[in-house]
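Written below as structure tokens is the structure these notes are about.
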Amino acid sequence: MSMIDMIPSLISGVIALVTCILTNNAQLKKRDIEQDKQMMELQATLQQNVAVIGCKIDELDRKQAVHNSVIERVYHLEERASVMEERIKENKGVH
């Protein structure tokens, strides 16, 4: 087989190789675009979840502050009740 007879086969092979490379690159770009889109969606979802969690933490903090306030007021009321009971006992003992 002469060199001239091989040229069409070589040209066909090079064209097939270039076509494969171009197709592969196009598929990679398409995949990268899809992955970027998915990443952006995940980031948006994550940001929403972080915002919701932040709101829930703020609500829990508020409820904890209210609870602590109630506990403190009950403690002071119990102290005052104890003092009043002592005064009542002292007054009964005096009469």
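One table, with the values for the structure above:
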quantity	calculated
His67/Lys37 FRET efficiency (R0 41 Å; Cβ-Cβ; nearest 0.05)	0.35
Of Val14, Ile57, Asn25, farthest towards positive along the dipole that unit charges on Lys, Arg, Asp, Glu beta carbons give segment 1-73	Ile57
Residue-averaged 222 nm ellipticity for the chain, from DSSP H runs of 4+ at -39500 (n - 2.57), nearest 500	-37000 deg cm²/dmol
Geometric extent, Cα atoms of segment 21-82 - Rg, Dmax (angstrom)	26.6, 89
Additional length obtainable on full extension of the chain from Ile7 to Ala26, 0.36 nm per residue less Cα span	4.0 nm
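Every number here is computed from the coordinates shown, using simple stated rules; none is lab data. All of these numbers come straight from a predicted model, not from anything done at the bench. Heads up, the Cβs are rebuilt from the backbone with ideal geometry, glycines too, and the neighbour counts pull from every protein chain shown.
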